[in-house]
C-alpha cells in the first residue's frame, strides 16, 4: 500500500507545478469532490471546474497533516501567484492507494 501522506503531498505538488497527470494518477475513477461550492462533483467535473485554479496557485505550506485509518486531514496555507495567501482544511479519503473523495473546508484569506 502506498504511503498516503506522500500521495496527498503529491496532489498539492501537482497544483504547484500544474502537473495534471500527477493528480490523475492518484485520483480513483469514482472520485468525488465536495466543497461549499461543489456538491459531490465527479472526477471529470472536478478537472473541468477546479483544475484550472492550478494556474493561480504557486505554493502550499502544510500546517497540519494527520493520517487516519482511511483518510489524511490537511490544513495548509496556500500562496497564489499574485502573492496573496489563504488557509483551508481538506480531508482526503482513500480506498486502497487512491483518493476517492476530497472534502474541502474553506478557511480564510491571510494578509
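The values are calculated or read from the model by the stated rules, or taken from the named source; none is laboratory data. Note that the structure is a prediction, hence the values are computed from the model and not measured. We place every Cβ from the backbone using ideal geometry, glycine too, and count neighbours over all the protein chains shown.
In the range 99-111, of all residues being over 17 Å from residue 66 (Cα atoms) and part of a strand (DSSP E or B), the one that is farthest from the chain's Cα centre (by Cα) corresponds to 110.
Would you pick out the residues in the range 54-82 that are in a helix (DSSP H, G or I) and more than 25 Å from residue 97 (Cβ to Cβ)?
Selection gives 55, 56.
Among the residues making up the range 8-46, those that are in contact (Cβ under 8 Å) with a residue 24 or more places away in the chain, more than 18 Å from residue 77 (Cα to Cα), in contact with a helix residue (DSSP H, G or I) (Cβ under 7 Å, 6 or more places away or on another chain) and crowded, with 17+ Cβ neighbours inside 10 Å are 23, 26, 27, 31, 33. Scanning the range 25-46 for residues that are more than 12 Å from the chain's Cα centre (by Cα), outside any strand (DSSP E or B) and at pLDDT 95 or above yields 25, 43, 44, 45.
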